[in-house]
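Structure record follows, encoded as structure tokens.
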Amino acid sequence: MTYLNALIIAIVEGLTEFLPISSTGHMMLTTALLGIESSSFVKLFTVCIQLGAILSVVVLYFKRFFKSVNFYFKLLVAFIPSAIAGVLLGDWIDAQLENIYGVAVALFIGGIILLFVDKWFKNPSINNGDDVSFLTAFKIGIFQCLALFPGVSRSASTIIGGMSQKLTRQAAAEFSFFLAVPTMAAATLKKLFDFYKEGISISTEEIKILAFGNAVAFVVALLAIKTFINILNRYGFKWFGVYRIILGGSLILLFMLKLI
């Protein structure tokens, strides 16, 4: 992987991590378009740079993120379902990272769902993620398990999960941002541990590429978060759904025509 490849993938990650359109799916498509072989390091890179994007949440929401110890326990409760599922389904998840057709189908179906989300969940009563109960946090965590399949979108599943529990769009989005921190930190540590366990060495150059990718994803995500919140409050999920349907539908058609 070259630095130019890393730059493009990291920009895609930073732009899509917090949008309900699947950052992992978009990175898979990007690596395929760039002709990058799906090696062990590439899989490590696409997981680890998500941590760089997620850390932008800590910077932008610094005061709120370190406001209450009780809030950390809620995030932990929400994190538990996907942590258990991630351990149990680790090999299956890795195999899906090469399933572009599966990503296309997930994007398309998810797009249809997003067209109706704003109509399904009306009259929210929770305006602040701090007011989420432990039970509600756990239920949102169950929704996050859906995103273990690439193309579903962790952001979409957790925001929809939050809205189903009476959170406003913004409150659900912000809780999703906060939940991403322990989730992606754990995913990164697990992937690094797998590398170590399998005896795969990382060269100095690859470490530099990882650091570069994380830095780029961090900066781009800083700019993307506030923009996403504004779009979400103003337009809702409809246009994200339309985008997913067009992209997923186009990919499915290309597969049917055996062009990819």
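From the list Leu97, Leu107, Leu60, which one is over 17 Å from Phe240 (Cβ atoms) and in contact with a Leu (Cβ under 9 Å, 6 or more places away or on another chain)?
Leu60
Give the residues of region 1-34 that are in a loop (DSSP other than H, G, I, E, B) and over 25 Å from Trp239 (Cα atoms), sorted by residue number.
Met1, Thr2, Leu34
Identify the single condition in (1) surrounded by fewer than 14 Cβ atoms within 10 Å (Cβ to Cβ); (2) at pLDDT 90 or above; (3) farther than 18 Å from Thr46 by Cα that Lys258 does not satisfy, given that it satisfies every other one.
(2)
Quick one: in region 35-46, of everything that is part of a helix (DSSP H, G or I) and either touching a Cys at 6+ places or on another chain (Cβ under 6 Å) or in contact (Cβ under 8 Å) with a residue 60 or more places away in the chain (or both), which residue is farthest from Ala217 (Cα to Cα)?
The qualifying residue farthest from Ala217 (Cα to Cα) is Ser40.
What are the residues in region 216-245 that are surrounded by 14 or more Cβ atoms within 10 Å (Cβ to Cβ), closer than 24 Å to Ile49 by Cα and of a type in the set (A, V, I, L, M), if any?
Val216, Ala217, Val219, Val220, Ala221, Leu222, Ala224, Ile225, Ile229 - these are the residues of region 216-245 that are surrounded by 14 or more Cβ atoms within 10 Å (Cβ to Cβ), closer than 24 Å to Ile49 by Cα and of a type in the set (A, V, I, L, M).
Do any residues in region 241-259 that are closer than 12 Å to Leu115 by Cβ have Cβ atoms under 9 Å from those of residues that are of a type in the set (Asp, Glu), where the two are at least six apart or on different chains, and which pairs are they?
none
Report yes if some residue within region 101-115 is at pLDDT below 90 and within 26 Å of Gly249 (Cα to Cα); otherwise report no.
no
One residue is enough: does region 19-30 have a residue meeting the conditions more than 18 Å from Thr183 (Cα to Cα), of a type in the set (S, T, N, Q), in contact with a helix residue (DSSP H, G or I) (Cβ under 6 Å, 6 or more places away or on another chain) and modelled with pLDDT of 85 or more?
Yes, some residue in region 19-30 is more than 18 Å from Thr183 (Cα to Cα), of a type in the set (S, T, N, Q), in contact with a helix residue (DSSP H, G or I) (Cβ under 6 Å, 6 or more places away or on another chain) and modelled with pLDDT of 85 or more.
So, in region 152-187, of the ones that are assigned to a loop (DSSP other than H, G, I, E, B) and farther than 19 Å from Ala221 by Cβ, which residue ends up farthest from the chain's Cα centre (by Cα)?
By that ranking, first place goes to Lys166.
Looking at Thr188, Thr204, which one is of a type outside the set (D, E, K, R) and closer than 26 Å to Gly86 by Cα?
Thr188
Kindly indicate the residue of region 78-99 that is in contact with a Pro (Cβ under 9 Å, 6 or more places away or on another chain), part of a helix (DSSP H, G or I) and aliphatic (A, V, I, L, M) and also farthest from Pro182 (Cα to Cα) among those meeting that condition.
It comes out as Ile93.
Cβ-Cβ below 8 Å, separation at least six or inter-chain, first residue in region 176-189 and over 16 Å from Leu19 (Cβ atoms), second surrounded by fewer than 18 Cβ atoms within 10 Å (Cβ to Cβ) and of a type in the set (Ser, Thr, Tyr): which pairs?
Pairs that qualify, where the first residue is over 16 Å from Leu19 (Cβ atoms) and the partner is surrounded by fewer than 18 Cβ atoms within 10 Å (Cβ to Cβ) and of a type in the set (Ser, Thr, Tyr), are Phe178/Tyr61.
Find the residue count for region 177-215, including only residues that are modelled with pLDDT of 85 or more, surrounded by fewer than 16 Cβ atoms within 10 Å (Cβ to Cβ) and hydroxyl-bearing (Ser, Thr, Tyr).
2
Do any residues in region 95-122 that are of a type in the set (D, E, K, R) have Cβ atoms under 9 Å from those of residues that are surrounded by fewer than 17 Cβ atoms within 10 Å (Cβ to Cβ) and modelled with pLDDT under 95, where the two are at least six apart or on different chains, and which pairs are they?
What qualifies is Glu98/Ser38; Asp118/Gly236; Asp118/Lys238.
For region 1-52: of the residues being of a type in the set (Phe, Trp, Tyr) and farther than 25 Å from Ser157 by Cα, which is surrounded by the most Cβ atoms within 10 Å (Cβ to Cβ)?
Step by step, filter region 1-52, then rank; the result is Phe41.
Taking only pairs six or more apart or across chains, which ones have beta-carbon atoms under 8 Å, a first residue in region 137-160 that is without any contact (Cβ under 8 Å) to a residue 60 or more places away in the chain, and a second residue that is β-branched (Val, Ile, Thr) and not in a helix (DSSP H, G or I)?
Leu146/Val152
Which members of region 122-151 meet the condition of being crowded, with 24+ Cβ neighbours inside 10 Å and not in a helix (DSSP H, G or I)?
Answer for region 122-151, where residues must be crowded, with 24+ Cβ neighbours inside 10 Å and not in a helix (DSSP H, G or I): Val132, Pro150, Gly151.
The values are calculated or read from the model by the stated rules, or taken from the named source; none is laboratory data. All values reported here derive from a predicted model rather than from experimental measurement. Here Cβ is always computed from backbone atoms with ideal geometry, including for glycine, and neighbour counts include all displayed protein chains.
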